[in-house]
Amino acid sequence: MATATAGESWLSREPLQPNPPLRPPAGKLIDRQKEMIEAALAESKGRVSGRSGAAAKLGIPSSTLESKIKALKIKKNRFKPD
């Protein structure tokens, strides 16, 4: 039966470093998503649906945007003109 051996060059004396995260923490993603939605709402003057609505600007269905607005507790009325 053969025995496998490893030379000293294979054994690292340095502790292994953890891999850096592949994506930013969830909080940063949520903050960025909220910023993008608010910017689209401001640009569309609070309108969610339609060709000039925020959903079209973001490239997502208006129902999805409405769900995100609710989940992120965004007050879309503040973007509507008086």
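Would you pick out the residues in segment 29-82 that are basic (Lys, Arg), without any contact (Cβ under 8 Å) to a residue 12 or more places away in the chain and in a helix (DSSP H, G or I)?
Hits for segment 29-82 are 32, 70.
Out of all the residues in segment 54-82, which are at pLDDT below 95, of a type in the set (D, E, K, R) and surrounded by fewer than 16 Cβ atoms within 10 Å (Cβ to Cβ)?
Passing the criteria: 80, 82.
The values are calculated or read from the model by the stated rules, or taken from the named source; none is laboratory data. Computed from a predicted structure; not experimentally measured. Backbone-built Cβ (ideal geometry, glycine too); neighbour counts: all protein chains shown.
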